[in-house]
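Taking it in order: structure first as structure tokens, then the write-up.
The values are calculated or read from the model by the stated rules, or taken from the named source; none is laboratory data. Predicted, not measured: the structure shown is a model, and the values here were computed from it. Please note: Cβ atoms are built from the backbone with ideal geometry, for glycine as well, and neighbour counts cover all protein chains shown. Just so you know, the surface numbers come from the protein's heavy atoms only, side chains and all, with ligands and any DNA or RNA stripped out. Shrake-Rupley method; radii C 1.70, N 1.55, O 1.52, S 1.80 Å.
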Amino acid sequence: MSPCWFSRALPKSEGDRKPVADVGLLLEGTFPYVAGGVSSWVNQIISGFPDLTFAICFLGSRRQDYGERKFALPANVTHISEYYLYDSRKPPVLTPRDTDADIRASVETLHRYFRDPDAHQAEGAQAMELLVGELRGRLNHEQFLYAPASWAYTTDQYQRHCTDPSFVDYFWTVRTMHAPIWTLAEVVESFPAVRCYHSISTGYAGFLGALLKRRLNRPLILSEHGIYTKERKIDLFAASWIADNRDVLQRDATEAGYFRQLWIRFFQALGKICYDSSDRIVALYEANRLRQVQDGADPARTCNIANGVDVPRFAALRALRPAEPPPVMCLIGRVVPIKDIKAYIRATRIAVDRMPQLEAWIAGPEDESPEYAAECHALADGLGLKDKVKFMGFQKLTDVLPKIGLVVLSSISEALPLVLLEGYAAGVPAVTTDVGSCRQLIYGLDGEDAALGASGEVVGIADSQAMAEAVVGLLGDHERWHAAARAGMARVETYYTHPTMFGHYRAIYDEALGRVPAQHVENSSPVV
């Protein structure tokens, strides 16, 4: 496929608006209201380019789901807007009007495209172009809610495709998943002008990026940490709020219910639209780049840029560490199901039986999933670990890292975790599950990276026994622990620094802002 070129011609109405920033960051459920690796990365990017200005568009679920900001806004943030996709809204006034024939046909074409993108690529793109421009016109929210054609199409799709017996649940599922689209259409009109857009995920933020790109013809950059559709699929399989009305005889334990599948396909469709609209598509490592291509991204637009950390800042913590590793392991992350905190707690029970002096810290906020956090506390108490497992809440890493012997991740999904790199820079090896790029971070890629040695150990997902053995094996063998610490320090200093990461993003921003011709930006891949 031909490479993607940034378009610069603007509609006159947009060209007349003075941009308030160089880069518009499109952020869904992350910075500045949620602590975590992605939010920390966003903060790094903004602070790492003091010569650029940033406008932030924060997309959340409901205002009540978020507390105070977890991050102070850097000085080069010139604007922030907040939009909540599921807050109660006054419905539009009912003024019955049928839907134009070309709009009805385009909606049908777009859904055919979503079901089979390869077979309907050209016509799907044409339908998308038409419909995007009509979300506040002939296909506005009122049309979706009240038009006879909308009702007819919904009932027809239910009869053709739905395998769940409840039409009521089908109707409200369709209403719920589509409602944010019209909120995003309003964002397109109200978010101030910028010179380029940068979305940190697909999903609703990525779809907003696609709307902005198609409406205003500004360049769009996509950076994916985890693959959004994959992580949403994990969340959706575990979600208890999704109805499944099949009886016992109708259910197949190997197959998700229809509404669960419908949500998954919806987010896959949003992802495909974002990929189609993005000028640059960035993954953290090669396996995720290949997954993006598999999900429909043009290979010519993709590249890898690994995370980097402020090595000198964390290296200064090495002088604060004791000569031998403290018998403390620490999971640094949010207390949410995808981090599988329960597997970590179970591993602690096994490890403490072999190393009674061991402590297990959990340094991360508990407010994102209070019910799950309560279950984790109950599990620790039930296993007799009240004095061993310490829930510490959000902590500054510079306070925690000098006091621990291992960083431990028990996640069922990760990308390229910043916390491992920050631990390495501070001289702390790690034990992780075999997810994302964790294997390459622990053992290195082939050649010179692998020759640095193992900076810890990788174990299977949800394998608490193996995790406990790995923890005890490292903390109980000081010579092996020191070798792992040296490997981690060498690996992060060689491959995962701020200058390396910022250098690659500098090239992408320069391209988007018109500072260099597009052909001069290489398909940067510091970690392949």
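Figures for the structure shown
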read-out	value
Set 447, 473: member being among the small types (Gly, Ala, Ser), surrounded by fewer than 18 Cβ atoms within 10 Å (Cβ to Cβ), without any contact (Cβ under 8 Å) to a residue 40 or more places away in the chain and touching a strand residue (DSSP E or B) at 6+ places or on another chain (Cβ under 8 Å)	473
Residue match in the range 98-110 (condition: open to solvent by 70 Å² or more (accessible area, probe 1.4 Å), part of a helix (DSSP H, G or I) and either out of contact with any Phe, Trp or Tyr (no Cβ under 9 Å at 6 or more places or on another chain) or at pLDDT 90 or above (or both))	yes
All helices (runs of 4 or more DSSP H) inside the range 370-473 with 2 or more residues being over 22 Å from residue 494 (Cα atoms)	370-382, 397-400
Any pair with Cβ under 8 angstrom, 6 or more apart, that starts in the range 36-64 at a residue that is closer than 21 Å to residue 368 by Cα and in contact (Cβ under 8 Å) with a residue 40 or more places away in the chain and ends at one that is of a type in the set (Lys, Arg) and crowded, with 17+ Cβ neighbours inside 10 Å	36/334
Subset of the range 225-254 (residues that are of a type in the set (Phe, Trp, Tyr) and surrounded by 14 or more Cβ atoms within 10 Å (Cβ to Cβ))	228
Unique match (being in contact (Cβ under 8 Å) with a residue 12 or more places away in the chain and over 30 Å from residue 80 (Cβ atoms)) among 155, 202, 183	155
Matching residues, the range 304-320, being open to solvent by 10 Å² or more (accessible area, probe 1.4 Å) and not small (Gly, Ala, Ser)	310, 311, 312, 313, 317, 318, 320
Of all residues making up the range 38-79, the number that are modelled with pLDDT of 95 or more, touching an Asp or Glu at 6+ places or on another chain (Cβ under 6 Å) and not aromatic (Phe, Trp, Tyr)	3
Enumeration of residues in the range 354-397 that are within 27 Å of residue 240 (Cβ to Cβ), out of contact with any strand residue (DSSP E or B) (no Cβ under 7 Å at 6 or more places or on another chain) and in contact (Cβ under 8 Å) with a residue 40 or more places away in the chain	365, 367, 368, 376, 385, 394
Per-region count, the range 381-408, residues among the hydrophobic types (A, V, I, L, M, F, W, C), crowded, with 17+ Cβ neighbours inside 10 Å and out of contact with any Cys (no Cβ under 9 Å at 6 or more places or on another chain)	2
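For (1) free of Cβ contacts under 8 Å to residues at least 24 places away in the same chain; (2) in contact with a Ser or Thr (Cβ under 7 Å, 6 or more places away or on another chain), each residue gets a yes or a no:
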{"residue": "237", "(1), (2)": "yes, no"}
{"residue": "240", "(1), (2)": "yes, no"}
{"residue": "267", "(1), (2)": "no, yes"}
{"residue": "270", "(1), (2)": "no, yes"}
{"residue": "285", "(1), (2)": "no, yes"}
{"residue": "288", "(1), (2)": "no, no"}
